[in-house]
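The values are calculated or read from the model by the stated rules, or taken from the named source; none is laboratory data. Remember, predicted model here, so these are calculated numbers, not experimental data. With ideal geometry, Cβ positions are generated from the backbone for all residues, glycine too; neighbour counts draw on all protein chains shown. These accessible areas exclude ligands, DNA and RNA; they are computed on the full protein's heavy atoms, side chains included. Shrake-Rupley method; radii C 1.70, N 1.55, O 1.52, S 1.80 Å.
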Amino acid sequence: MERYDAIKEIAKNLTDELVIANIGFPSRELYEIKDRAENFYMLGSMGLASSIGLGLGLSQDKKVIVLDGDGSILMNLGSLVTIFNQNPSNFILIALDNSAYGSTGNQETYCKNTDLLKIAKSIGFKKAFNFKDIDFKEILSEDIEEPIFIHFKINPGNADVGIIDLTPDKIKNRFKEIVNK
Amino acid sequence: MLDSTESIYKGIKNAGINFIVSVPCVNLKKLLEKINNDSEITHVPVTREEEGLGICAGAYLAGKKIAILMQNSGLGNSINALTSLYELYSFPLIMIISHRGTKGEPIIGQVPMGKATPNLFEGLGIDYKRIEKIEKAEKAVSESWKKSESLKKPIALLFDINYW
Ligand SMILES: Cc1ncc(C[n+]2csc(CCOP(=O)(O)OP(=O)(O)O)c2C)c(N)n1
């Protein structure tokens with residue numbers, strides 16, 4: 001499975017959850033699959049999707065899902081430590097791990113040999129799962145209580161999708177409106 | 001007598017700041033303690049300033065009034081977030097910064113970044129104010145959030161080594 005189908009699999013279960021989508025193709029693919037005001041497309045600042053999600057999770061009650069990439073997680077690895085210690089009770093981080101910098105041409109990342117799930121577990125995450133071992137729909141319907149780390153192993157590959165034709169202001173304003181409704 | 005920490009703290013309260021991320025500087029020690037004990041403020045210690053700016057951005061989207069407390073060396077760890085996140089989406093932010101490496105700095109390691117700091121803000125197009133006198137602090141901090149919100153970009157307050 002490539003990223004596009006993985007995001008499709010995730011998106012079909014979404015109701016009112018807030019989604020932070022990683023820079024590049026992950027955002028573009030989500031935009032094509034299921035654009036909604038609850039999606040924040042992070043168009044720059046590689047590495048910070050999980051941090052934006054954490055700040056959002058700590059500041060309101062709706063569930064927050066971060067669609068991150070393995071390369072981006074490696075760039076801001078400290079974020080996992082902060083997330084675990086802050087212990088948000090409405091936060092799900094999904095690591096779409098293609099072991100590559102997909103958006104820049106699939107150059108290999110160190111996740112080829114280094115297991116992000118093991119890292120999450122050793123940081124302290126008690127709810128750290130492989131996507132294939134869980135019922136994602138059920139997780140979304142339950143009270144979360146502590147942050148969840150989901151490792152979604154996929155193959156490299158970008159779908160043939162266009163760019164996001166929303167301005168950053170538009171993305172921000174409609175997202176802010178729905179968050180604070 | 002006016003107190004250096006108290007003056008900034010009062011400004012933070014006047015401005016209505018209720019979400020703060022931080023990486024410590026020795027000069028911020030007392031301020032960080034006060035903020036940690038303030039039940040109206042969510043305080044998130046972070047591992048790196050850039051990460052903190054991401055967290056603040058998320059909090060802002062949920063309606064919080066956000067600030068980062070850091071040493072000026074942390075500006076070096078923040079540049080891409082300030083441009084590719086804050087400038088791109090026009091987010092406000094208050095940066096309360098202990099400005100080390102200026103005249104009188106005893107630690108040589110602070111000097112290069114101390115010198116570069118104002119130039120970096122110039123290059124980023126971010127308004128910054130250098131504050132050396134305690135009497136100026138409360139007002140500057142109090143006004144900062146409204147100003148940042150109307151400019152739709154971050155504002156930096158640099159508290160000089162002689163301020164404390
Ligand atoms: C600071 C920074 N460095 C490099 C880039 C270039 N860049 C954009 S997306 C990307 C790859 C991201 O890889 P990953 O997080 O694994 O996600 P994927 O695209 O594989 O889903 C890179 C290196 C950038 N935008 N910003």
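Kindly indicate whether A:Glu177 is touching a residue at least 24 places away in the same chain (Cβ under 8 Å), within 12 Å of chain B (Cβ to nearest Cβ), out of contact with any helix residue (DSSP H, G or I) (no Cβ under 8 Å at 6 or more places or on another chain) and open to solvent by 80 Å² or more (accessible area, probe 1.4 Å). Write out each step before concluding.
On the way: touching a residue at least 24 places away in the same chain (Cβ under 8 Å): yes; within 12 Å of chain B (Cβ to nearest Cβ): yes; out of contact with any helix residue (DSSP H, G or I) (no Cβ under 8 Å at 6 or more places or on another chain): yes; open to solvent by 80 Å² or more (accessible area, probe 1.4 Å): yes.
Here the answer is yes, as A:Glu177 does meet what is asked.
Which residue out of B:Leu69, B:Leu93, B:Leu61, B:Leu85 is at pLDDT 95 or above, in contact with a strand residue (DSSP E or B) (Cβ under 8 Å, 6 or more places away or on another chain) and within 9 Å of another protein chain (Cβ to nearest Cβ)?
Working: B:Leu69 fails: within 9 Å of another protein chain (Cβ to nearest Cβ); B:Leu93 fails: within 9 Å of another protein chain (Cβ to nearest Cβ); B:Leu85 fails: in contact with a strand residue (DSSP E or B) (Cβ under 8 Å, 6 or more places away or on another chain).
Result of the check over B:Leu69, B:Leu93, B:Leu61, B:Leu85: B:Leu61.
Which of the helices (runs of 4 or more DSSP H) contained wholly in the stretch B:1-103 include at least 2 residues that are more than 13 Å from the chain's Cα centre (by Cα)? Let's see the steps before the verdict.
Values: elements: B:4-15, B:29-36, B:49-61, B:73-76.
Hits in the stretch B:1-103: B:4-15, B:29-36, B:49-61.
Looking only at the stretch A:63-90, count how many residues are of a type outside the set (Ser, Thr, Tyr) and either at the interface with another protein chain (Cβ under 9 Å from one of its Cβ atoms) or assigned to a helix (DSSP H, G or I) (or both). I'd like the intermediate steps shown before the answer.
Step one: filter the stretch A:63-90 for residues of a type outside the set (Ser, Thr, Tyr), giving A:63-71, A:73-78, A:80-81, A:83-88, A:90.
From what is left, the residues that are either at the interface with another protein chain (Cβ under 9 Å from one of its Cβ atoms) or assigned to a helix (DSSP H, G or I) (or both) are A:64, A:70-71, A:73-78, A:80-81, A:83-86.
Matching residues across the stretch A:63-90 total 15.
Tell me the residue from A:Lys8, A:Lys62 that is touching a strand residue (DSSP E or B) at 6+ places or on another chain (Cβ under 6 Å) and either more than 10 Å from the ligand (Cβ to nearest atom) or in contact (Cβ under 8 Å) with a residue 12 or more places away in the chain (or both), please. Lay out the reasoning, then the answer.
Details: A:Lys8 fails: touching a strand residue (DSSP E or B) at 6+ places or on another chain (Cβ under 6 Å).
Answer to the selection: A:Lys62.
Taking into account only those residues within the stretch B:111-126 that are in contact with a helix residue (DSSP H, G or I) (Cβ under 7 Å, 6 or more places away or on another chain) and of a type outside the set (Val, Ile, Thr), which is nearest to B:Ser150 (Cα to Cα)?
B:Leu124
Answer yes or no as to whether A:Leu93 is assigned to a strand (DSSP E or B) and not small (Gly, Ala, Ser).
Yes.
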